[in-house]
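> Just passing along the structure, written as structure tokens.
The values are calculated or read from the model by the stated rules, or taken from the named source; none is laboratory data. What you see is a predicted model; the values in this text were computed from it and never measured. Here Cβ is always computed from backbone atoms with ideal geometry, including for glycine, and neighbour counts include all displayed protein chains. Note: areas computed on protein heavy atoms with side chains; ligands, DNA, RNA excluded. Shrake-Rupley method; radii C 1.70, N 1.55, O 1.52, S 1.80 Å.
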Amino acid sequence: MEETINVKSIYGDNQLNNNKLKIFVGYDSKEDIAYRVCKYSINISSNNNAEVNSLKQGELVAKNLYTRAIDPLASTEFTYTRFLVPALTNFNGWAIFCDCDFIFFRDINDILKDIDDSKAVYCVQHDYTPKEKHKMDGQKQTIYPRKNWSSFILYNCSHPSNKKLSVELVNKESGSFLHQFKWLKDSEIGSLDERWNWLEGWTSQHNSGKPFAVHFTRGGPWFDEWQDVEFADKWIELRDNYLDSKF
């Protein structure tokens, strides 16, 4: 039987507004300001034509939608909850997940141009191997195939293959199965322009363009030890504008 979730019970009436693109931003209590600045950057770049929701582990636990045991290798509270997005939309329409350590410069709705309904997901297909042994607040860097592919996902929630991502499956499958999109055929994984997931400290080495969205995957300027990273000035400017605007 197809599994359905009452999205309204978690996210409220606005989440059911079909006129706006559904955005789920991973929330981690250690990085609250990163989430807030990410959301602010989405809203101002899209003229508020997007519904941004915080994907909070605690809320999903309370609704019995997230039941996994604590994983010592999970670097954030949204390591696995991101894969609940199709279920949270009742397997309907298009939705985006992104980590909280992003800032956006381009209207996120532009991502829907020239997409193919035959694809189950779209992502930037990085070939990325970080040099650092640790990231963010001392968390160990883990190396695995398709690293960072799952940090920004455009889900075709209606796609038949994504209906495999039941709440039960997401709560029991391995990290490698989920983060490497092993529930899909490779032909069902579409490729996004790299500028939608511009890895700070990495993408600039081989791409001379301008990012649509910067991902502070190593750690961002909300941490004391990451004040001098690329695009830190842009993040700080957005943070200050957010704090001034009381958005």
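> Which members of the stretch 40-56 meet the condition of being assigned to a helix (DSSP H, G or I) and crowded, with 22+ Cβ neighbours inside 10 Å?
Correct list: 41, 42.
> Now for a different question. What number of residues within the stretch 228-247 satisfy the criterion of being open to solvent by less than 20 Å² (accessible area, probe 1.4 Å) and not in a helix (DSSP H, G or I)?
Result for the stretch 228-247: 1.
> I'd like to verify a number: residues in the stretch 81-117 that are touching a helix residue (DSSP H, G or I) at 6+ places or on another chain (Cβ under 8 Å) and closer than 28 Å to residue 171 by Cβ, how many?
Residues that pass the stated criteria total 17.
> Which fully enclosed strands (runs of 3 or more DSSP E) of the stretch 109-212 have 2 or more residues being at pLDDT 95 or above, within 30 Å of residue 67 (Cβ to Cβ) and open to solvent by less than 10 Å² (accessible area, probe 1.4 Å)?
By residue number, 121-123, 152-156.
> Follow-up question, since we're still on this one. Would you check which residues across the stretch 70-91 are assigned to a helix (DSSP H, G or I) and either open to solvent by 10 Å² or more (accessible area, probe 1.4 Å) or of a type outside the set (Val, Ile, Thr) (or both) and list them?
82, 83, 84, 86, 87, 88
> Can I ask one more? Report yes if residue 225 is open to solvent by 40 Å² or more (accessible area, probe 1.4 Å), part of a loop (DSSP other than H, G, I, E, B), in contact with a Gly (Cβ under 8 Å, 6 or more places away or on another chain) and within 29 Å of residue 40 (Cα to Cα), otherwise no.
So residue 225 does not fit the description; no.
The rows are residues; the columns are (1) among the aliphatic types (A, V, I, L, M); (2) more than 28 Å from residue 104 (Cβ to Cβ); (3) in contact with a helix residue (DSSP H, G or I) (Cβ under 8 Å, 6 or more places away or on another chain).
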{"site": "162", "(1), (2), (3)": "no, no, yes"}
{"site": "167", "(1), (2), (3)": "yes, yes, yes"}
{"site": "175", "(1), (2), (3)": "no, no, no"}
{"site": "178", "(1), (2), (3)": "yes, no, yes"}
{"site": "183", "(1), (2), (3)": "no, no, yes"}
{"site": "193", "(1), (2), (3)": "no, no, no"}
{"site": "197", "(1), (2), (3)": "no, no, yes"}
{"site": "203", "(1), (2), (3)": "no, no, yes"}
